[in-house]
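Input: a single structure, listed below in structure tokens.
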Amino acid sequence: SGTNFGSVLSGLLGYAFLFHNGWEYVFLTIGLSGLAWTLSIRWLSRKRKQKMHYILLNGDSKEHKTINVNIEKPTPTCVDVPWKLLLRQAPVLAMFYSHFGQAFFNHNIMAWAPTYFHETFPEMQDKAWLYNISPWLIQLVSNILSGWIANKMIQNGVSVTTTRKFGEAVSHVGAAIALLILSVVGTTSDHFYLSLLLMNMAFLLRGFETIGSSINSTDLAPSYSGILYGMMNTGCSVAGIIGVSFIGHILHTTGNWSLVFTMIACVCFSGFLVYTCFGSGKRLTHIDNN
């Protein structure tokens, strides 16, 4: 939700700086804010001396483990990482692909939604702030809500695997259905507010991804979660680079927004199917038994 809050805040302040001072002040303000935030986090982390310890569940909400915080275990290094073994695990590959589908939705919709509204509803340009800010605001609420729901599910005895698959199902299927409806009713200039509602609904449901594949690496292999998360986000970058260019080519050659929304929805559905069949929230104990 922090990312979404920052996007909403920068969007609101960005308009003000843009109209009164120009682009250079927008970039300067965002850059200085990021630098100040980094330095403040660095200062707070050095100030805090107390170490925090977490108990990780092995995919079972009823499982409790006792740990001795005085015993330090060696941290795996790059040499110790079982790369081939990790990349052969079906839950790991399912997590990668599901997150790729989420990124394909996010990058393409964020990149092309302003163009869609600008071209399809040219008479509504005075409402540009609605489709530039509302998706981030909606997703902020969804991220917090989904986290609360996931905690309640696990506390009430639902397994971590079921919780993760629930989040991916709501995210993938919900966003895909909203986009499919948008591909039918959102191609004429008569349905601006309905199209905006469907777009926001897609982002609202997509926010449930934060309780799915986004944090799944911590479930599967906590000792290697940072490495898995980095590899997963590399795939997300590929989705952004190739996907946005590919969608741009389709729009340039056909100008068909219905085709674009349907294609993104199909990728979302495929992510749901793959993760439902092969995803898991249980630790891969034969790889990481720390």
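The values are calculated or read from the model by the stated rules, or taken from the named source; none is laboratory data. Since this is a predicted model, take the numbers as computed values, not measurements. A quick note on method: Cβ atoms are made from the backbone with ideal geometry, for glycine too, and the neighbour counts reach across all protein chains shown. When the accessible area is computed, the model is the full protein with side chains, heavy atoms only, and any ligands, DNA or RNA have been set aside. Shrake-Rupley method; radii C 1.70, N 1.55, O 1.52, S 1.80 Å.
Report, in cubic angstrom per residue, the convex hull volume of the C-alpha atoms of region 169-290. Write down the numbers at each step before the final one.
Values: hull volume 12.2 nm³, N = 122.
In region 169-290, the Cα hull volume divided by residue count equals 100 Å³.
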How much accessible surface does Phe100 have with a 1.4 Å probe, in Å² rounded to 10?
60
On the principal axes of its Cα set, how long, how wide and how thick is region 220-290? Give whole Å, largest value first.
53, 23, 11
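Looking at region 87-176, which trypsin sites (Lys or Arg not before Pro) are DSSP coil and have at most 14 other C-beta atoms within 10 Å of their C-beta?
Numbers: sites: Arg88, Lys127, Lys152, Arg164, Lys165; in loops: Arg88.
Answer by residue number: Arg88.
What's the local net charge at Phe272, with K and R +1, D and E -1, over the other residues with C-beta under 14 Å away? List each step's numbers first, then the result.
Numbers: positive: Arg164, Lys165, Arg206; negative: Glu168, Glu209.
Here the charged neighbours net out to +1.
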